[in-house]
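Here's the structure we're looking at; comments come further down.
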Amino acid sequence: MEVTNRYIVIKAKIDGKPQESDFEFKTETLSLPINPVSNDIIVKNLCISIDPYQINRMKTVSASQKTSEFAAGISPGEAIIAFGVGKVVASHNPKFEKGDYVVGHISWGEYSISQGFILNKLDPMGFPLSYHVGILGLAGLTAYAGFFEVCKPKKGEKVFVSTACGSVGNLVGQYAKNFGCYVVGCAGSAKKVKLLKEKLGFDEAFNYKEETDLNLTLKRYFPDGIDIYFDNVGGEMLDAAISTMNSHGRVALCGIISEYTNAGKRAAPDMLSVMYKSITIQGFLVGNYLYLFPEFLKLTIDHLRTGKMHVLEDVSFGLESVPSAFVGLFRGDNVGKRCVQISQD
């Protein structure tokens, strides 16, 4: 089988905030080899995840490129691999048949060719395919592993979540509330604050853009201190959270989006507080917690079907919308999990 594939590449390395003009579309022909034991499959891409960490792959230099195979550097003109859902349209691989839904590594394109590495069959279980990119995919597992394994919560503890309307933050807050914690989130607009409190059940939420002193703000919402801080942003918010934390507090470093495009935003926490309060700060990558996937999926599906969790999605349509969807992440445009539906099933 042979298909014509349109896909997206970067024109050059990106060392600041991305712009739509940094990307371009290319066309190639994908075909299965004549050799039937090649193990190759062609996947029609249906829905792809749009994630801010990808900017670190596009930089000239980033520590992430040296420490994680999932964040390997991208060269100009090279296909951009992302997490997503697709459908097999041709296969020489005994593990996959034509018509199978698959989830895992596909590309920012209309089609992908793969030998099945980091790709699994998918049973949609009656849920929209986009759920398997977000709440039932790596975003959900990141929230689950970060909160339950890294933070090790106790019922009644006080939890602060930054970027709480983001793809991971909104889920952390919902897991924490269902577990029995007091939860406060911050976001970048009044609309998002209202959504956190009225739809997702956060105890409190605030618009960080309206606050002039984050230390005072956090002390106002946490007069008895923070036990767990789930950090998606780094920078000044991390500094303020550390200063407000209780003894034996835990910080999960999930994302540092404030630093991705501005090295001047690097956090400098009060290390005396960290030491004398015995605060644990732990960075983590979801790839280290894939073994939790079955228990994560069981709990999350139960919460979805019983109405204990709500889905926040920000879906764009068509391959042409991928660059703008990605660039918008760094303006805080998205509400919930941002993904692009490339094609209809």
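The values are calculated or read from the model by the stated rules, or taken from the named source; none is laboratory data. The shown structure was predicted, so the numbers you read here are calculated from the model rather than taken from an experiment. Backbone-built Cβ (ideal geometry, glycine too); neighbour counts: all protein chains shown. The protein model used for the area step is the full one, side chains on, heavy atoms only, and it has no ligands, DNA or RNA in it. Shrake-Rupley method; radii C 1.70, N 1.55, O 1.52, S 1.80 Å.
See the values below:
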{"read-out": "Solvent-accessible area, 1.4 Å probe, carbon plus sulfur percent, for the stretch 269-345", "value": "55 percent"}
{"read-out": "Options Gly86, Ser62, Phe96, ranked by Cα towards positive dipole end of the stretch 57-106, top entry (Cβ charges)", "value": "Ser62"}
{"read-out": "The stretch 1-78, accessible surface, carbon-and-sulfur percent (1.4 angstrom probe)", "value": "49 percent"}
{"read-out": "Whole-percent carbon and sulfur share, accessible surface of the stretch 109-158, 1.4 Å", "value": "55 percent"}
{"read-out": "Check: the stretch 1-140 dipole with +1 on Lys, Arg Cβ and -1 on Asp, Glu Cβ, in debye", "value": "180 debye"}
{"read-out": "Mean Cβ neighbour count within 10 Å, used as a protection proxy, ranking 18-28, 96-106 highest first", "value": "96-106, 18-28"}
{"read-out": "Unit charges at the beta carbon, dipole of the chain: most positive-side option, Gly140, Ile14, Ser31", "value": "Gly140"}
{"read-out": "Pairwise centroid distance, computed over Cα atoms, of the stretch 200-251 with the stretch 261-337, Å", "value": "17 Å"}
{"read-out": "Overall form of the stretch 122-194 per C-alpha gyration tensor (a/c, 1.5; a/b vs b/c)", "value": "oblate"}
{"read-out": "Sequence of Lys194, Lys158 from largest to smallest accessible area, 1.4 Å probe", "value": "Lys194, Lys158"}
{"read-out": "Descending semi-axes in whole angstrom, ellipsoid equivalent of the stretch 61-210, from the Cα gyration tensor", "value": "34, 19, 15"}
{"read-out": "For Cys339, solvent-accessible area (1.4 Å; no DNA, RNA or ligand), Å²", "value": "0 Å²"}
{"read-out": "Distant alpha-carbon pairs in the stretch 25-126 (separation over 25 angstrom), percent", "value": "25 percent"}
{"read-out": "Surface per residue (accessible, 1.4 Å probe) for the stretch 300-345, Å²", "value": "42 Å²"}
{"read-out": "12 Å beta-carbon shell around Ser31, net charge (K/R +1, D/E -1)", "value": "-3"}
{"read-out": "Charge dipole magnitude, Cβ of K and R +1, D and E -1 - the chain, Cα centre, debye nearest 20", "value": "500 debye"}
{"read-out": "Heavy-atom accessible area ranking, 1.4 Å probe, most first, across Phe202, Phe83, Phe179", "value": "Phe179, Phe83, Phe202"}
{"read-out": "0 to 90° range, to nearest 10: angle between helix 235-244 axis and the chain longest Cα axis", "value": "40 degrees"}
